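Following: one structure in structure tokens, then a few remarks.
FYI, it's all coordinate maths here, none of it is from the lab. Note that the structure is a prediction, hence the values are computed from the model and not measured. For neighbour counting, all protein chains shown are included, and Cβ atoms are generated from backbone atoms with ideal geometry for every residue, glycine included.
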Amino acid sequence: MSDEALSPNRVRLREVLAQLPDYKPGKPATAPPGVTAYKLSSNENPYGPLPSVLKAVDEAATTINRYPDMAVSALTQRLAEALDVPAECIATGTGSVAVLAQVVQAACDAGDEVVFAWRSFEAYPIVAQLAGAKPIMVGLDADARHRLDAMAAAITDRTRVVLVCTPNNPTGPAVHGDELERFLARVPDDVVVVVDEAYVEFVRDPEAVKGLEVWRKHPNVVVLRTFSKAYGLAGLRVGFAVAHPPVAAAIRKTATPFGVNSLAQVAAIASLDAVDELTERVESIVAERDRVVQALADQGWKLPRTDANFVWFPLGEQSSAFSGACEAVGLMVRQYGDDGVRVTIGESEANTRLLEVTEKFGAR
Ligand SMILES: *Cc1c(COP(=O)(O)O)cnc(C)c1O
């Protein structure tokens, strides 16, 4: 049905929606004839699912006429053992973005404030505004790292949640343990501090914060983790929070009932069972990252440190030209306006092709 065929519409929707970006579907990977296209725009794991994970999903598919286990009991139990935390401290959701939205919804009334660094994960301002809260964005420093002192200074009596993204998406550096402890000492203990560790498995910076250790010491800290990146289950939508009992209970209350589907539940358990195989894959992605980072440095690029599965090119007004140069050779990358371009570490051939583009483009 074409748009003209529809009657004029007078339904009243929330004003905040006008401020949110329309959903833009990611561009499908395209390449010149005879060239393989690679999608390096969503920080996905380049490896396909493990055979053991596929088998678990295949078996569970025979019962999809039934609702999933609403309490996600088996996965919660398995996570509790793997992380050595009480099961009541784990709350699952349909990806850690959904869990984050639940945290913000649970903590914020209209007009409350959510403080986070910028640039950071694009979902943050959206999640805050959808909850009726006000996003308070604190610029990164010259090394593309969080300015935690400035973030602490931005806290008011309306602040209910602070988001700390480590490593920071899209720029790459991890927050250090000592700086986060200093920061937490300045945050009122009734403000929730979310430590978003979506890329924790890729971190090799020895000074990087260890979210769970911090969580154990601070009742207001929530750690977010996901199966979408290192575990390679982005398409199934499952993530979780580790939170102290009242916060974990609040996250469960704000969940969509039966959100985490049965295939996601069994795939996540099978992935935890296959952690050695998955760790090997993570190691090879880290090795590829190190190869790319070293080659870029050799080419003369001055880029922020990355502890994630992507590299950030802070190219300002040249961002569009750079992302165009990547796409021209079949590399789909993520451009952030005139800030920069984020490129996911992908298949070895894709990474090598990226290095050809960066060489030709000229180091910045
Ligand atoms: C990818 C990502 C997530 C996880 O998203 P899912 O909803 O679990 O797929 C969370 N936080 C950040 C910063 C991310 O980049």
Diffing the stretch 79-84: the Karplus 3J(HN,Hα) column from phi (6.51, -1.76, 1.60, θ = phi - 60°), in whole Hz with x for Gly and Pro, holds 5, 4, 5, 4, 9, 6
Taking 89-101, 133-145 and ranking on average Cβ neighbours within 10 Å, highest first, one gets 89-101, 133-145
Under the Karplus relation with 6.51, -1.76 and 1.60 and θ = phi - 60°, whole-Hz ³J(HN,Hα) for the stretch 153-167, x at Gly and Pro, equal 5, 7, 6, 10, 6, 8, 6, 10, 9, 10, 10, 10, 9, 9, x
For Phe310, the residues 5 or more places away or on another chain with a placed amide H closer than 5 Å to its own amide H are Ile345
Among Leu50, Pro33, Ala71, the residue whose Cα sits farthest towards the positive end of the charge dipole of the stretch 16-86 (+1 at Cβ of Lys and Arg, -1 at Cβ of Asp and Glu, taken about the Cα centre) is Pro33
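Going by average Cβ density within 10 Å per residue, which order do the peptides 221-232, 61-72, 271-282 take, highest to lowest?
221-232, 271-282, 61-72
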Taking 0.36 nm per residue of separation between Glu81 and Arg364 and subtracting their Cα-Cα distance, the length gained on full extension comes to 97.2 nm
Extension length gain for Trp118 and Asp276 (0.36 nm per residue less Cα distance), in nm, is 53.4 nm
Given pairs Lys39/Lys134; Lys210/Lys253; Lys24/Lys210; Lys229/Lys302; Lys24/Lys229 and cut-off 30 Å on Cα-Cα distance, the over-length ones are Lys39/Lys134; Lys24/Lys210
Whole-percent tail of the Cα-Cα distance distribution for the stretch 264-361, cut at 21 Å, equals 38 percent
Karplus-derived 3J(HN,Hα) from phi for the stretch 276-289 (6.51 cos²θ - 1.76 cosθ + 1.60, θ = phi - 60°), whole Hz, x at Gly and Pro, runs 5, 4, 5, 5, 4, 5, 4, 4, 6, 5, 5, 5, 5, 4
Given backbone amide H placed at 1.01 Å from N, residues whose amide H is under 5 Å from that of Asp196, ignoring those fewer than 5 places away on the same chain, are Val164, Cys165, Thr166, Leu224
Each label sits 7 Å from Cα toward the beta-carbon; between Ile155 and Asp109 the label points are separated, in nm, by 2.1 nm
Of all DSSP beta bridges having both residues in the chain, the percent classed as antiparallel (nearest 5) is 45 percent
So the FRET efficiency between Ala295 and Asp338, C-beta based with R0 = 25 Å and rounded to 0.05, is 0.45
Honestly the stretch 188-285 on the Cα gyration tensor test (a ≥ b ≥ c root eigenvalues; a/c under 1.5 rounded, otherwise a/b vs b/c for prolate or oblate) is just oblate
Using alpha carbon positions and the Kirkwood radius, the Rg to Rh ratio of the stretch 67-127 is 1.06
Per residue, the convex hull enclosing the alpha carbons of the stretch 51-273 has a volume in Å³ of 114 Å³
The set of residues whose placed amide H lies less than 5 Å from the amide H of Val138, leaving out same-chain residues fewer than 5 positions away, is Phe116, Ala117, Trp118
CD proxy, 222 nm, the chain: helix-only mean residue ellipticity via -39,500 (n - 2.57) per DSSP H run with n ≥ 4, per residue, nearest 500, stands at -11000 deg cm²/dmol
For the stretch 26-151, Rg(Cα) over 2.2 N^0.38 Å is 1.44
For the stretch 51-273, the dipole about the Cα centre with charges only on Cβ (Lys and Arg +1, Asp and Glu -1), to the nearest 20 debye, works out at 420 debye
The stretch 68-85 scanned against label point 7 Å out from Lys210 along Cα→C-beta; backbone N under 20 Å for 79-85
